[in-house]
1. Could you rank the peptides 18-25, 42-49 by their average count of other C-beta atoms within 10 Å per residue, with the highest value first?
2. Taking neighbour Cβ counts within 10 Å as the exposure measure, how do Met160, Met74 sort from fewest upward?
3. Let me know the longest stretch in the chain that avoids all GluC sites (Glu not before Pro) found in a DSSP loop with at most 16 other C-beta atoms within 10 Å.
4. Once you have a ≥ b ≥ c as the square roots of the Cα gyration tensor eigenvalues for the range 12-67, tell me rounded if a/c is under 1.5, and otherwise prolate or oblate according to whether a/b is larger than b/c.
5. Which order do Leu186, Leu161 fall in if you start with the one that has the fewest other Cβ atoms within 10 Å?
6. Take Asp58 and Ala191, extend 7 Å from each Cα along the Cα→Cβ direction, and tell me the distance between the two endpoints in nm.
7. Ignoring everything except DSSP H segments at least 4 long, calculate the 222 nm mean residue ellipticity for the chain; use -39,500 (n - 2.57) per segment, divide by total residues, nearest 500.
8. Please arrange Thr136, Thr34, Thr193 by counting, for each residue, the other beta carbons lying within 10 Å of its beta carbon, fewest first.
Amino acid sequence: MAEERGRRPGNPQTRDEILQAAIAAFTAKGYRDTTIRGVARAAGVDPALVMHFFGNKDGLFAAAIKDSMPVALMVEALDGDEEHIAERLSRRYLEVWEDPAHGPRLSAVLQAATATPAAADLLKELMRTELLGPVTRRLSHDEPEIRALLVASQLIGIAMLRYILKVEPLASMPAPVLAAAIAPNLRRYLAGTLSLEEIAAGR
C-alpha cells in the first residue's frame, strides 16, 4: 500500500500542532509571507490536512488570531465595579502587550491587519464578537457600542504608536505611567458625558 506522504491522523492534537505552527509563522513572517505549505512543513503534516482543519489561509489566520489574542485576559479586566473599569482596562491592556509571549503575537496581528484587507476583516470580526460585545454588555450608559468603539480606537492607537511604530517618548514610557495617563480618557469614553446625540444623528 502506498505511503500517505507522512500525513498524521486528523486528531485534536494534530490540529493544535498545526495551529501553533501557524501562530509562529504569522508572528515571524507576517500574513503575506505565511503559506499553507510552510505551516504544514513546520507542523510535519500534509498541506491537505491543514486545509481539512482550517479551509484556507484566511481560516487558518482567523483561528491563529483567536488562539493567540488574550481575549479572556482583557475580558477579565471588565469584572468588578464600573467606576474603576477604565483603570483596570488600561493596566491589563498594556500588561498583555508587554508580556513576552503575547506581545509579539499581538504585534503580528495588528501589522497584518494594517497591510492586508482580508486580515483586517478577520480582526474586526473577532474584536466585535469577542471583545467589543462584552464591553458593550457591561456598560450602563447610553450608546454603549459607540463608547466601546471609542475605547478601542484609543487602545489601538496606543499600540500602533508604542509597539509598532515605536514613537518616542511613548515607546519607552513605563507601562504603569502610561496606563495611568490614558485611564481618564477611557473613563470619559465609558461613562462621561459625550455629544452622543450628534454622533447618533450623523449615522
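Readers should treat all values here as calculations from the given coordinates under stated rules, not as data from a laboratory. Fair warning: this is a prediction, and the values are worked out from it, not measured in the lab. Cβ placement follows ideal geometry from the backbone for every residue including glycine, while neighbour counts extend to all protein chains displayed.
1. In descending order of packing, they fall as 18-25, 42-49.
2. By the 10 Å Cβ count, ascending, the order reads Met160, Met74.
3. Counting only loop sites that pass the neighbour cut-off, the longest clear stretch is 5-203.
4. Rounded shape, in that the Cα axes give a/c under 1.5.
5. Ranking Leu186, Leu161 by Cβ neighbours within 10 Å, fewest first, gives Leu161, Leu186.
6. Rounded to a tenth, the inter-label distance reads 4.1 nm.
7. -21000 deg cm²/dmol
8. Final ranking by Cβ density, sparse to dense: Thr193, Thr136, Thr34.
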